[in-house]
1. Averaging sequence separations of C-alpha pairs under 8 Å and six or more residues apart, then dividing by the length of the chain, give the relative contact order as a whole percent.
2. So what's the back-of-envelope 222 nm ellipticity for the chain, counting only DSSP H runs of four-plus at -39500 (n - 2.57) apiece and dividing by all residues, rounded to 500?
3. First select every other residue whose beta carbon is under 11 angstrom from the beta carbon of MET119; then total the charges, Lys and Arg +1, Asp and Glu -1.
4. Ignoring everything but the protein chains, give the 1.4 Å probe accessible area of HIS63 in square angstrom, nearest 10.
5. Roughly how much of ARG136 is accessible, in Å² to the nearest 10, using a 1.4 Å probe?
6. Counting only heavy atoms of protein chains, what accessible area per residue, in Å², does the chain have with a probe of 1.4 Å?
7. Quick one: divide the alpha-carbon radius of gyration of the chain by 2.2 N^0.38 Å and tell me what you get.
8. Given a 1.4 angstrom probe, I'd like the percentage of the accessible area of the stretch 96-142 that is carbon and sulfur, rounded to a whole number.
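The values are calculated or read from the model by the stated rules, or taken from the named source; none is laboratory data. Keep in mind the model is a prediction, meaning the values are calculated, not measured. Please note: Cβ atoms are built from the backbone with ideal geometry, for glycine as well, and neighbour counts cover all protein chains shown. In case anyone asks, the SASA skips ligands and DNA or RNA and just uses the protein heavy atoms, side chains included. Shrake-Rupley method; radii C 1.70, N 1.55, O 1.52, S 1.80 Å.
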Amino acid sequence: MIRCMPYTGKSLMFFVAFMICVVPYMSGQNPGVKTLEERASQFYDRCEWMSSRGAYTTLAREHGSVSQYWVRSVFSLLMEGDEPAAREETMSGIDHHVPIDTIFKGVFEETISHGQSNMYERYLTGLKKSDPWLGRVVDRCLLKYYLFRADAEKIIDTAQSLLEATPENMLFLPALAYGQLLSGDMQGMAATNKKILDLDSSNVDALLYLANYYYGEWKDGDENNKAPALEYVTRAERICKTPQIERMLAELKR
């Protein structure tokens, strides 16, 4: 005899959502019935997360390469508060050959558009703990998020962590310099930008950071900074001639 176990709690909720969203689609009901994709989009737009999750989970598995289905499935789970399931769904997307960066980018955009940006950080840090092999990919996405939030401390920590493996990376070094600027560590910012210039002598951003830093120090009365100010303003003027740079250079040459 086959026993049927009763549905309880979340399992019952998912079963109901499955019956509402998926069974009519699978059974080929009359042409007037909306397609599953249309129903899923409607549930999503109405923030009916349980129904949205059921529909997009099915769509994702039927059309494995369509990244939007995976993104919306993951985000629906996050909005339900089921972060472990969202992480599992992310791994399923990877198994279906959806680029992980595409999933992360999509989830980020959804969390921002729904005013849930903190959820994105929890989602990524949770993935990093549950699947350590994703560590560097997750850290790169976290760095972009912290830059978006202008979170100086976390920018610095994450950039330094990434630079341990690739100390000359020209994406992570500028991020570190920006974090140091935000935190008020001007000497650290200057040192990082000098390292950038050692790797790329014509890096405009690094030249402008250093030109403005040493010029500001000189204007505040530190004559020792006139020589470096003149050096970096002159180098910046050769590459990026602006009225402000020309004015600074004229003052330094007086």
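1. For the chain, the relative contact order is 8 percent.
2. Working: 15 runs with 192 residues, N = 254.
The per-residue figure over the chain is -24000 deg cm²/dmol.
3. Around MET119, the surrounding residues sum to -2.
4. Per-residue accessible area (HIS63): approximately 80 Å².
5. Counting only protein heavy atoms, ARG136 exposes about 90 Å² to solvent.
6. Each residue of the chain exposes 55 Å² on average to a 1.4 Å probe.
7. It is 1.44.
8. Working: 1290 of 2330 Å².
Solvent-exposed carbon and sulfur of the stretch 96-142 make up 56 percent of the total.
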